[in-house]
Amino acid sequence: MNRRPLATRAQVAEYFDLSPNTVKDQVYRQVGVGRLAFRVGKYLRWDWDDIDAYVAAQKQQKQMEAA
């Protein structure tokens, strides 16, 4: 099994072309990719599989709205 390391806030911000503070705000408000975050010790982390599923769901929703 080939696992990817968990994503950091900086990596998530870079992936979505957001500022790290925007991602932090989304975590606080529990919206967008912020609601996918979880704590590992004192650090916030994201699972890349959750991020991939989130992106796929956003694409699907957009396609359904267009139909």
Cα-based Debye curve of the stretch 28-67 sampled at q = 0.16 Å⁻¹ gives log₁₀ I(q)/I(0) of -0.48
Given points 7 Å out from each Cα along the Cα-Cβ axis, report the Q61 to T8 separation in nanometres with one decimal. 2.9
Over the chain, what number does the Rg to Rh ratio reach, with both radii from the alpha-carbon atoms and Rh per Kirkwood? 1.02
For A53 paired with R39, estimate the spin-label separation in nm (one decimal), with each label point 7 Å from Cα along the Cα-to-Cβ line. 2.2
Sequence-distant aspartates and glutamates (8 or more away, or on other chains) whose Cα lies within less than 14 Å of K24: E14
HN-Hα couplings for the stretch 30-43 via Karplus (6.51, -1.76, 1.60; θ = phi - 60°), in whole Hz with x for Gly/Pro, come out as 6, 10, x, 6, x, 6, 8, 6, 9, 8, 10, x, 9, 9
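Read the figures in this text as sums done on the coordinates, not as results from a lab. All of these numbers come straight from a predicted model, not from anything done at the bench. Here the Cβ is made from the backbone with ideal geometry for all residues, glycine too, and neighbour counts use every protein chain on show.
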